[in-house]
Each structure stands twice: as structure tokens, then as C-alpha cells.
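Rule-based calculations on the coordinates, nothing more; no lab input. Model, not experiment: these values are computed from the prediction. Neighbour counts run over all protein chains shown; Cβ positions are idealised from the backbone, glycine included.
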Amino acid sequence: MMQLRIIRLGHPKLRLKSKKVSVRELKTERFQLFLDKLTTTCIRSKGVGIAAPQVGVNKRVIVVFVEKDNPRYPDKKPFPLTILINPTIIRRDLVKKEDWEGDLSADLRALVPRAVACTISGMDRDGNVVVYELSDDFHARVFQHEIDHLDGILFIDKVKRKDSISETAMWRRYLKKKRLAETD
């Protein structure tokens, strides 16, 4: 399966609000092929999630897949390959946790506060309504991050501690091993 080109931070399509996908469009062979290519792009890029705007398609589609052996996130609990169409956050926990985030569209890392749990609804690739109760804080974080992309919001927009913004290579060298409390 062919991989799509990921657009980079600064590309105007990353800042647009994405359009809903109709059931009719979802069922087309062309759109189903796009979903396969988006999934392939996420997996080959070693991401744990990707949103359609990251490949220049402003449609409300995300892919989440936390593989057990993903080298970028080695200690995270796996989450099955999930394609979600028109996702909506219907509940967020009031408790937030600040943790490191990165992005396939930007070679950056930063501390971002996110709800530790949330409930997401949307459609699967067959048009069936699905609901996810996300109690694992990393899984909740990934879904919130990808859904933000659909509204033109990037993780750097949510950073409170600006001094935590780092290029990935420098993050690996100086910050990755530090405990979050040490970055205060």
C-alpha cells in the first residue's frame, strides 16, 4: 500500500477546520482506499495516530494505533488499529495531566496538559456508530491530539510551559529521561 506525504508545520491546511464525511462519501471505493493509505502512513511513520489534515486532506478522519513494539512509544499500553470518522469528544475528565507530545507534522516535543480520560464517539469505516471510553491517559491524549488536528489546532497551541518546546533530537538528549517534575 502506498504511503501518503505528510505535510509539515506551517502548511496552511494544518490550520483549517475539516469538513464532515458523509456516509455516502465514506462508502465510496476512493474514500476507502484513502483510509487504507492513511493507515499505512501512520504505521510506516511509527506514529500512534494521524489525522487526515496531516496529509493535506481536510476531512474529519483520524487513525489511532498504539503498537506494542512502537520504538517511539515503547512503554505504552497497546491500542488496536482504529479508524474514526467524524469523531467528537462527548466527555472529558476534569483532571488533567501534563505529558510529552510530538507530531508527525513537526519535529518538536513539548509538555501538553490533557484530560486523563475522555469519551469519544464517531463512525467506523463501515458507517457504524462507535463509542470509546478512554481511561488510559495516553490513549485519551492521542485521541484528543488527533481530534484537535481536525479543528486546525496543533499541540504547540496548548503548551503552557513554553520552555518545554524542543526539537526532537534535543528532547531525546536533554529532556526525555527527566521526570516531569524536574522540568518545573
Query raised in the report: Fewest to most neighbouring Cβ within 10 Å: what's the order for Arg141, Arg15?
Result: Arg15, Arg141
Requested in this report: Report, in deg cm²/dmol and to the nearest 500, the calculated mean residue ellipticity at 222 nm for the chain, where each DSSP H run with n ≥ 4 adds -39500 (n - 2.57) and the sum is divided by the residue count.
Outcome: -5500 deg cm²/dmol
Query - Relative contact order of the chain, pairs being alpha-carbon contacts under 8 Å that are 6 or more residues apart, as % - result: 22 percent
**Report entry** For a label point 7 Å along the Cα-to-beta-carbon line of Val130, residues of the range 61-104 with backbone N under 17 Å
**Finding:** 61-68, 78-90
Report summary line: Full extension between Leu94 and Arg8 adds, at 0.36 nm per residue less the Cα distance, a length in nm of 27.8 nm
Report task. Name the most mobile residue of Leu104, Leu150, Leu84, meaning the one with the largest mean-square fluctuation, in a Gaussian network model of the chain with Cα contacts below 10 Å. Result -> Leu104
**Report entry** Two-decimal log10 I(q)/I(0) for the chain, as the Debye equation yields it once each C-alpha is a single scatterer, q = 0.08, 0.11, 0.18, 0.19 Å⁻¹
**Finding:** -0.24, -0.45, -1.27, -1.42
Report summary line: Taking Ser164, Ser18 and counting other beta carbon atoms within 10 angstrom, the fewest-first order is Ser164, Ser18
